[in-house]
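Below: one structure, written as structure tokens.
Readers should treat all values here as calculations from the given coordinates under stated rules, not as data from a laboratory. In this text the structure is predicted, and so the values were computed from the model without any measurement. As a convention, Cβ positions derive from the backbone with ideal geometry for all residues, glycine included, and neighbour counts pool all protein chains shown.
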Amino acid sequence: MIKTDSGSRRFRLPAVGPLFGACALLLGGCAIDGPRPAPSASIPAQWHTPLPAGGTTAALPHGGSLTGLSQWWQQQNDPLLVELIMAGESVSPTVSTARSNIEQARASRVASGAAMVPKLDAVGSASRGRGAPMNRTTPPITTTLEAGLQTSWEIDLFGQYAATRDADQQRFEGSQAMWHSARVSVAAEIATQYYSFRACEKLLDVARADAASRAETARLADLSTKAGFQAPATAALARASAAEGHGNAIQQRALCDLDIKALVALTAIDEAALRQKLADTPADLTRESPAPVISVPAEVLAQRPDIFNAAREVDAAHLEVGSAQAQRFPKLSLSGSVFTARSRTSASTQRFDTWTVGPLQLTVPLFDGGASAANVDAARARYEDSAAQYRASVRKAVREVEEALVNLQSTAERNEDALVAAQGYRASFTGTEARYKSGLASLVELEDARRTLLSAQSAVVTLQRDRRNAWVALYRALGGGWSTAEPPVPAPASASEVPGPTTPVATTAP
């Protein structure tokens, strides 16, 4: 420390910036970039076996592009569906929460990175007072002004802060993936609700046609009873059937209204405007717009945002083990300051300029009651848990894909049978109705044929809805879409890498 001792003598400060920089470079050369986890904390090979080597770096769904998401839904040839999905995404609290998580993760990453660089603070102070008397002489009132800069830097010798920074980077990337997951979930939920309404419309048409048919049968039965050709009990049965059909139509209309209410809640579109849009753009559930999925290789699961995020969490937990381990090693810190002070009395003015480099302080932990060792054990436990969660996510993804493919296969195989059944029961009802009008069949026979036809027609519409829902489920299970092109063959893995299975999860031919 160098200081002047008189206001009449002035000492020029040296260029302390280059001096600080030289010390930083010399000490920084001792730093190790990256954590040094304990050997038992190394990543076990089995945590990534469900995916091929390097699979955790797969691209996000649709390349992380909002345009890609809408373009996939445009393949359904239903512009209204795309509009509803875009509207729902803009008001979804799930998407908003995911976006907030991204900002929080970004802030954490910046904060952890800032711990690795020197800190610089500006300090200023002012005081006025009178000192203790000396030689029975009253000292003058002194005004002291002081200003300067203080800096401190803890050198990351063993990678503690670098590991924390890298862990936060991993979580930041994972939060971005979960934002895409939120978008995919919103799109799938709206699409499912939309197809439910479209199926409800068709079921309502079936119910109304059935109610009209029953009402006409009741009218004819009433006329026939009044003419004395049928017993009053027959007319009563016909009226009861007509009332049942009318009630079924009312119930189906209520279900359609509930679907519209759900779409309004999901998209925040005015109900009157939404009803008009739905009425102006009818949809055909029988048209197959998605491209056929022949197989789904296991590698495709790497694009699922939840698996991507789980892999990032494993990496982050592994880095935190290294950070906790580094806390048990010595710490090296450097500080410095540059100050200028001015002391003024009624008789004189003095200036004091000071600068300091140091101390260069080495702290060696000796005893902390086992706290640092406990922190390492806790970090290892979190790592093992995140690895287990990753494996569970992969198993869940495989199950969801296989279930969607099974449903697609099942609906494809049942479609022809359902159509044939509906056509056959329609022909049977038509014949029975003609026989009833000719007096050759009873009303009980007619009603039995009508119920069978209604069930067959409802089954066709329900099957169409289930098939659309299976497509949506596969879309969600694959993380937001897929490509019919053959996936690229992964590069040969090194001896230290354990490749995952490359066989298809399941196959289907819709």
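Please compare each pair in Lys202/Lys437; Lys119/Lys331; Lys202/Lys261 to a cut-off of 26 Å on the Cα-Cα distance and tell me which ones are over it.
Lys202/Lys437
About its Cα centre, how strong a charge dipole does segment 153-266 have in debye, to the nearest 20, once Lys and Arg get +1 and Asp and Glu get -1 at the Cβ?
Charge dipole, segment 153-266, about its Cα centre: 880 debye, nearest 20.
Report ³J(HN,Hα) in whole Hz for each residue of segment 366-382, in order, from the Karplus equation J = 6.51 cos²θ - 1.76 cosθ + 1.60 where θ = phi - 60°; Gly and Pro get x.
10, 8, 9, x, x, 5, 5, 5, 5, 4, 5, 4, 5, 5, 5, 5, 5
Treating cross-link reach as a plain straight distance, find the aspartates and glutamates whose alpha-carbon is under 18 Å from the alpha-carbon of Lys226, omitting any fewer than eight places away in the same chain.
Glu216
Expressed in nm to one decimal, what extension gain is obtained for the pair Gln104 and Asp205 from 0.36 nm per residue of sequence separation less their Cα-Cα distance?
31.3 nm
Per residue of segment 165-170, in order, report the coupling 6.51 cos²θ - 1.76 cosθ + 1.60 (Karplus, θ = phi - 60°) as ³J(HN,Hα) in whole Hz, putting x for Gly and Pro.
4, 5, 5, 5, 5, 4
Could you run the Karplus curve 6.51 cos²θ - 1.76 cosθ + 1.60 with θ = phi - 60° over segment 210-222 and give me ³J(HN,Hα) per residue in whole Hz, x for Gly and Pro?
These are the phi-based 3J(HN,Hα) values: 5, 5, 5, 5, 5, 5, 5, 5, 5, 5, 5, 5, 5 Hz.
Quick one: net charge around Arg344, please, counting Lys, Arg +1 and Asp, Glu -1 for every other residue with C-beta under 10 Å from its C-beta.
Here the charged neighbours net out to +3.
How do the peptides 149-160, 219-230 rank, highest first, by the average count of neighbouring beta carbon atoms within 10 Å per residue?
For the peptides 149-160, 219-230, the packing ranking is 149-160, 219-230.
Rounded, prolate or oblate: pick one for segment 207-292, where a ≥ b ≥ c are the square roots of the eigenvalues of its C-alpha gyration tensor, a/c under 1.5 means rounded, and failing that, prolate if a/b is larger than b/c, else oblate.
prolate
Exactly which chymotrypsin sites (Phe, Trp or Tyr not before Pro) in segment 334-409 are in a DSSP loop and have at most 13 other Cβ atoms within 10 Å?
Passing both the DSSP loop test and the Cβ count: Phe367.
Quote the FRET efficiency, to the nearest 0.05, computed for Ala227 versus Lys437 with a Förster distance R0 of 22 Å and r equal to the Cβ-Cβ distance.
0.95
What does the charge dipole of segment 303-379 about its Cα centre add up to, to the nearest 20 debye, if the Cβ of each Lys and Arg holds +1 and the Cβ of each Asp and Glu holds -1?
620
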